Structures are given as structure tokens and as C-alpha cells.
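Read through the structure below, which is laid out as C-alpha cells, and then see the notes.
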Amino acid sequence: MKKTLIIVVYVVGISCFSQNDSIVNRLEEVIVQADKKLEKHSAGYKIATLSDSVIVKNIESFTSLLRFNAPIYLREYGSGGTSSASFRGTSASNTAVIWNGININSVNNGQTGFNSLTVSLFDAIDIRSGGGSIEYGSGAIGGTIHLNDNLKFSNTKEVKHQTVFSIGSFETYQGLYKLKVSNSKMALNAGVSYNQSENDYKWLGTDFKNTNGAFKNFGLNLSGAFFINEFSKLKFYTTNYRGERFFSGELPNPLSANDKYQDFNHRNLVIYTNESKRLNHEAKVAFLTEEYRYFEDKALETFNFGKSKRLLFNYNLSYSLPKLNASITSYSEFESAYGKTDQISEKNRRQLSQAFVYNQAIKGKLFLDAKIRKDFNSDYKVPFTYALGLKYKPFNHWFFRVNGSVNYRVPTYNDLFWPGQGNLDLVPETAKQFEVGVGYKNNQLSVDVGTFYIYAEDKIVWTPNGDTTRPGVWVPINLQEVTNKGAELALTYKETFNKHDLQFRLNYSYVDAIDASTKKQVIFVPKHLLNFNLGYSYQRFDVFYQQLYNGKVYTTESNSEDFVLPHNFVANIGVNYRLLNTDIYQLNMGLKVNNVLDETYVIQPRRPMPNRNFNFNINYKF
């Protein structure tokens, strides 16, 4: 409590001395984005945007944010542990995470750990369902999650600050500071965050706690844009992450856990743009590194490690056709990726990619994207990939959308070379998919209903029965085929009467993912997944309720009912109060109760998730 009072005094005291450079007179701002493909080339696709008001209610972790606000299944090895996401019954390595237009999935395992991302450091988070290999390369089969830093030029100098502090159960502390400085020639963003937790929650229904589950991490983001002339801009983005987490034990003997994991990520991107009336150029250079260290005994200094580095060159050329209200865009990219572990010697994979996209708007009612891409990979022959998306607005508020695509994923270094388990005979997996949807949108109501079909060949999966010469050893194999089909519903509704505001958001997905060789549901794919958020605000008060329903999950290829993860029904509630609410100062205090019903549930076998817990936060902008 003493720490909390110190924080309150600190942020209120700062407000007494803050400068108000042009914040009172808010002028028009020009937003600069690193990734224009998402907005320009997504006709026929469903895109969900998680706004700042959504993010601030889920600051505990990126995993929590997605679990309660997106139609995505999150698989987590205990709270705070390794976490991965999957769309529409595809695997975690079929979900591409895009940072400012760059695919950042790991070179070694083809995935992104969502508990290694700091949710509040990003300005915008977008979720696009459906294939994206044309735009974002290998692995973008089920969908893409976009992490964007938005830069804004302003007519006069503006300086904006944001500080967020929170304290929660299990000795959990979080701190965040963000700075935005801009004028007509320059825009700079900076953000720093630190999180730590003992994470020693009680395992409901047992006499144990979450032993050896502590974590801490530090994140630093910096980005900038410079106005060279009326045609040209130069932008840079850099992010650094350092994390350490201990791997908690599992039943029946959680006290035996004694290992820990460290990871370090550095990403750097420079973009030059030149835009004229009809011809636009964009050149990108990116350099990304990642490293992990696994300590089998946390008390010792010996560890296993993995390292990778990637260098990307990208040149995009777009030519507009005003008479047709259309454009043709060429995307050229070269990537060189190096990866190694303490057990795998360094490997180098090179890839040259060329894509063409044609988009057109016809009479403001029909919007289309036609795309084709060819990759030349140093290790594999990658097939042509292509996509077509259409969106039709026959009359006000209503729309129809359809998209189809061919996408791919090449085997990762771990798939191929992991000692005693890798498989050098793997081939790239390919997936053909089709989606159709209908929607309605006005100022109050937005509804999108869609159905999808995904047919995957040579799908890469890890299984303990994949090699008859090594029974019981987990190895990657190519399955003959997997068919995923299902339906999704996304709904938002808001109502204002007098000074009362009501908001409601809902996501539901049904997935039937069948392995053709076994005729059974693919493991770790729930058929039913639902979440909804209900919010109410009056003057300075906000109250919200979050609900998650996760259907039962099979953990064996035979779909044995003896080894299922039962469905869970987890709810959170929260309240926020605005102490200050002016054009210059906004000070919010919030209290959130997670798992308010004290539900006993698991996401990963033998790893219970947290019982009822609390989080108190302060969010100050000036």
C-alpha cells in the first residue's frame, strides 16, 4: 500500500509542473505507418483492431489480451510460461506475428512466444484472420497478428507522456513509461517497461502452489520519422527485450521443477519512402537477432542456447491507375537467416521473393485484390502462392466478402536438425483455403459472420509416434492431409443515452479440424471458443465484465476421453475511475479481479492456472 501511495503522489505531483505545448489546441495530425499492406491489400478479409481502451483492461500479459478479445486459441504452459497462438485449428507455427510489417517468427522453431511481448508498448494491434503468405511469407497460414508503432507529425510542437503502474496478487509489479514528441518535420516515440512476479499462486484442488514460476522482463522501444520533403520520409524502428522466467513444475510432483529460461530479442528497421501522385517507392532494411538460454539447473551457470540473426532487404514499387481507381504494386525481398544452437551447427537459409498485387475499387461498391508470389529458397522448392479477395457493398451498411489463397510453411531449423529428433526428409507444407462472409456495420452495431475451409497437405506436426524406429520419441513428420472447416462470429454494439455508455463485444468460433489419417480431431484444437466483453460507463466511472468459454481439448491423437482438457468458463471483472479528465491531464485508477468465480481450469495438462487474483493500476497521461 505504501508503494501505491508513493506512485499516486508522484504522478499527481508531476502534473503540477507539466508543460502544455500545443496540447490544448489539438491540430490535425498526420499518422505514419510502417506497414501499409494490411490496410491496402485486405479486401475480403476479416480484421479486428484492439484499441487502447481494450488494451488497458488487459495489461497483465499479451496472452491474456488475446484470450479475452480475439477468436484465437492460446496454449500456455502455466501462467507466465511459454505461450503460443493458433487460428482456426492450425498450429502455432501457422500464426505469423508481424512487427511493423516484418514477420518476426523464430528462425529456430517458427513461432513467437506471446509472453515475451509487452502488450502496452505498441500503439496498435490488429488481427487478420486467413492466409497471408503473399504479404508476410512462411507460416502465415491461419492468420496474422500485427504489432504497430504509429508515428504522428503535428503542425506545432507536441509533447505527450504516459505512465502506467500496477501491482497485483502473487507479488506482481508492472511499470510503463511512453513519450511522444512531434512537430511538422519530426516525430519520435519512446517506451520502456518492466514486469516482474513471483507468480506463486495456489493450485486449486491441491495442496501445492505454482512452484518455480517467477518471471521478470524488460522492454525498450524507440521509433522516429523525419520529413525530408513533400515527397520523402525516413523512418526507423527498434525494439529490445530481455526476459527471464522459471519453468514451473507439473503434477504430480511440482516441487521437482528447478530450471529457468532467458531470452533476448533485438529488432531494427529503417524505411525510406518517396511518394508522388502516381508512383510510390519504399525501401526497407531490417536486422533482427534473438537468443535463448535454457538452464536445466537454475543454480548453475551452464546452459543450452540457441541464436539466430536475420537480414532483410525489401523494395516496393506501386503505380496508381487513376482512371481505373486501381494500383499495381511490386514487392521484392531478399532474406538471409542464420541459426544455431549448442547442439546444431550454424545453418544459413537464403530466400528471394517476388510478389505482385493488383487492387481496384469499382464505383465505391466492389473492392478487389489479386495477388501472386514466388519464393526462391536455398533449401526447398517453394510453390507459387496466390490469393484473391473481394468485398462488395450492395447498399448502405451491408457488405459481403470472400477470399481464397494458397499459403505455405517451410520446415524450421528445429524441425530439420534437432539432435535425435529432427527429420531431414520433411517437405514444405501447403494450405489452400477459402472463406466467405457477410456483415453489417453502422455507428452502433457491427456484425461479421463467416465460414472457412482450409485444406493442408504435408502438414508438419510433432508426434511421439511419427517414427517406428524411435517409439515414444517426439519427432516432426508430414501428415498426408488435414482439413479444417468452421464458422466465426464477431459482434460489437455500443449505445449512448444521456451520460450513460454501454459497449458489448463478442467473438465466437467453431472449428472442425480433422486429421485425414486418423479421422480424429487434431490435438489441442477446441471445437468451441467464445469470449465477450461488456462495459458500462457513467461520467467518471467505468465497469467491465469479461467472459471466456474454452471448449474441451483432446491431447491424444486417438481423442481418448481419458486425456482431455475439460472446458472452462473463466470470468474477470473490473472498475476504473477517472480522477482527472481534461484535455491536458487524464489520470485513471483501476481495479481488476481475474478469475472472479475462482474457476479451477487448465490450459496445458497437469498445470493448473491461477485462482482468483487482483490487479490495481494507475494510468496517467499528460
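The values are calculated or read from the model by the stated rules, or taken from the named source; none is laboratory data. Values in this document were obtained by computation on a predicted structure and should not be read as measured data. Backbone-built Cβ (ideal geometry, glycine too); neighbour counts: all protein chains shown. Accessible surface is based on the protein model in full, side chains and every heavy atom, while ligands, DNA and RNA are left aside. Shrake-Rupley method; radii C 1.70, N 1.55, O 1.52, S 1.80 Å.
Taken over segment 38-57, residues that are in a strand (DSSP E or B), buried (at least 18 other Cβ atoms within 10 Å of the Cβ) and out of contact with any Lys or Arg (no Cβ under 9 Å at 6 or more places or on another chain) amount to 1. Scanning segment 460-478 for residues that are outside any loop (DSSP other than H, G, I, E, B) and modelled with pLDDT under 80 yields a single hit, THR463.
Identification of strands (runs of 3 or more DSSP E) wholly contained in segment 338-410 with 3 or more residues that are on the phi < 0 side of the Ramachandran plot and more than 28 Å from the chain's Cα centre (by Cα) yields 347-362. Residue selection: GLY89 satisfies the criterion of being in contact with an Asp or Glu (Cβ under 9 Å, 6 or more places away or on another chain) and on the phi > 0 side of the Ramachandran plot. Is it true that some residue in segment 390-401 is out of contact with any strand residue (DSSP E or B) (no Cβ under 7 Å at 6 or more places or on another chain) and open to solvent by 60 Å² or more (accessible area, probe 1.4 Å)? Looking for residues that are out of contact with any strand residue (DSSP E or B) (no Cβ under 7 Å at 6 or more places or on another chain) and open to solvent by 60 Å² or more (accessible area, probe 1.4 Å), one finds at least one in segment 390-401, hence yes.
Here LEU548, LEU597 are screened, and the one residue that is open to solvent by 30 Å² or more (accessible area, probe 1.4 Å) and at negative phi is LEU597.
Condition (residue is aromatic (Phe, Trp, Tyr) and either assigned to a helix (DSSP H, G or I) or open to solvent by less than 10 Å² (accessible area, probe 1.4 Å) (or both)) applied to segment 58-80: is it met by at least one residue? Looking for residues that are aromatic (Phe, Trp, Tyr) and either assigned to a helix (DSSP H, G or I) or open to solvent by less than 10 Å² (accessible area, probe 1.4 Å) (or both), one finds at least one in segment 58-80, hence yes. Pull up segment 551-578, narrow it to residues that are more than 18 Å from ASN484 (Cβ to Cβ) and among the hydrophobic types (A, V, I, L, M, F, W, C), then point me to the one that is most open to solvent (accessible area, probe 1.4 Å). This residue is PHE563. When restricted to residues that are open to solvent by less than 60 Å² (accessible area, probe 1.4 Å), under 19 Å from ASN105 (Cα atoms) and either assigned to a loop (DSSP other than H, G, I, E, B) or β-branched (Val, Ile, Thr) (or both), segment 256-291 contains 1. Sub-9 Å Cβ pairs linking a first residue in segment 116-127 that is over 18 Å from GLN174 (Cα atoms) and touching a residue at least 40 places away in the same chain (Cβ under 8 Å) to a second residue that is surrounded by 23 or more Cβ atoms within 10 Å (Cβ to Cβ) and of a type in the set (Gly, Ala, Ser), at least 6 apart or interchain, are ILE127/ALA70; ILE127/GLY143, ordered by first then second residue.
What number of residues in segment 133-162 are over 22 Å from the mean Cα position of the chain (by Cα), among the hydroxyl-bearing types (Ser, Thr, Tyr) and crowded, with 19+ Cβ neighbours inside 10 Å? Counting residues in segment 133-162 that are over 22 Å from the mean Cα position of the chain (by Cα), among the hydroxyl-bearing types (Ser, Thr, Tyr) and crowded, with 19+ Cβ neighbours inside 10 Å gives 1. With respect to the conditions (1) assigned to a loop (DSSP other than H, G, I, E, B); (2) in contact with a helix residue (DSSP H, G or I) (Cβ under 8 Å, 6 or more places away or on another chain), ALA431 falls short on a single one, namely (1). LYS323 satisfies every condition listed in (1) part of a helix (DSSP H, G or I); (2) within 23 Å of SER106 (Cβ to Cβ) except (2).
Pairing residues of segment 438-462 that are open to solvent by 50 Å² or more (accessible area, probe 1.4 Å) with residues that are among the β-branched types (Val, Ile, Thr) and not in a strand (DSSP E or B), at Cβ distances under 6 Å and at least 6 apart in sequence or on separate chains, gives ASP458/VAL427. Of all residues in segment 359-389, those satisfying the criterion of being surrounded by fewer than 17 Cβ atoms within 10 Å (Cβ to Cβ) and charged (D, E, K, R) are LYS363, LYS365, LYS374, ASP379, LYS381. Assessment of segment 93-103 against the conditions (out of contact with any Leu (no Cβ under 6 Å at 6 or more places or on another chain) and part of a helix (DSSP H, G or I)) yields at least one matching residue. Scanning segment 443-459 for residues that are of a type in the set (A, V, I, L, M, F, W, C) and either in a loop (DSSP other than H, G, I, E, B) or within 24 Å of SER133 (Cα to Cα) (or both) yields VAL449, PHE452, ILE454, ALA456. Consider segment 318-333 and keep the residues that are under 30 Å from PHE287 (Cβ atoms) and open to solvent by 40 Å² or more (accessible area, probe 1.4 Å). The one that is farthest from the chain's Cα centre (by Cα) is TYR319.
Of the listed requirements (1) in contact with a helix residue (DSSP H, G or I) (Cβ under 6 Å, 6 or more places away or on another chain); (2) more than 24 Å from ILE134 (Cα to Cα); (3) not in a loop (DSSP other than H, G, I, E, B), TYR440 misses just one: (1).
Taken over segment 478-528, the criterion of being open to solvent by less than 60 Å² (accessible area, probe 1.4 Å), touching a His at 6+ places or on another chain (Cβ under 9 Å) and hydroxyl-bearing (Ser, Thr, Tyr) is satisfied by SER509 alone. Taking every residue in segment 174-199 that is within 14 Å of GLU60 (Cβ to Cβ) and pairing it with any residue that is among the basic types (Lys, Arg), at least 6 positions away or on another chain, the pairs with Cβ-Cβ distances below 6 Å are GLN196/LYS216.
Against the conditions (1) open to solvent by less than 40 Å² (accessible area, probe 1.4 Å); (2) under 21 Å from the mean Cα position of the chain (by Cα), ASN212 satisfies every one except (2). Residue pairs whose Cβ atoms lie under 6 Å apart, sitting 6 or more positions apart in sequence or on different chains, and linking a residue in segment 59-79 that is within 16 Å of PHE569 (Cα to Cα) to a partner that is among the β-branched types (Val, Ile, Thr) and part of a helix (DSSP H, G or I), are ASN69/VAL54; LEU74/THR63. Here ARG349 meets the list (1) of a type in the set (Lys, Arg); (2) in contact (Cβ under 8 Å) with a residue 24 or more places away in the chain; (3) more than 19 Å from ILE104 (Cβ to Cβ) almost entirely, failing just condition (3).
Of the residues making up segment 116-158, those that are more than 21 Å from ASN58 (Cα to Cα), of a type in the set (A, V, I, L, M, F, W, C) and assigned to a loop (DSSP other than H, G, I, E, B) number 2. Of everything listed in (1) surrounded by 15 or more Cβ atoms within 10 Å (Cβ to Cβ); (2) without any contact (Cβ under 8 Å) to a residue 40 or more places away in the chain; (3) of a type outside the set (D, E, K, R), the single unmet condition for GLY472 is (1).
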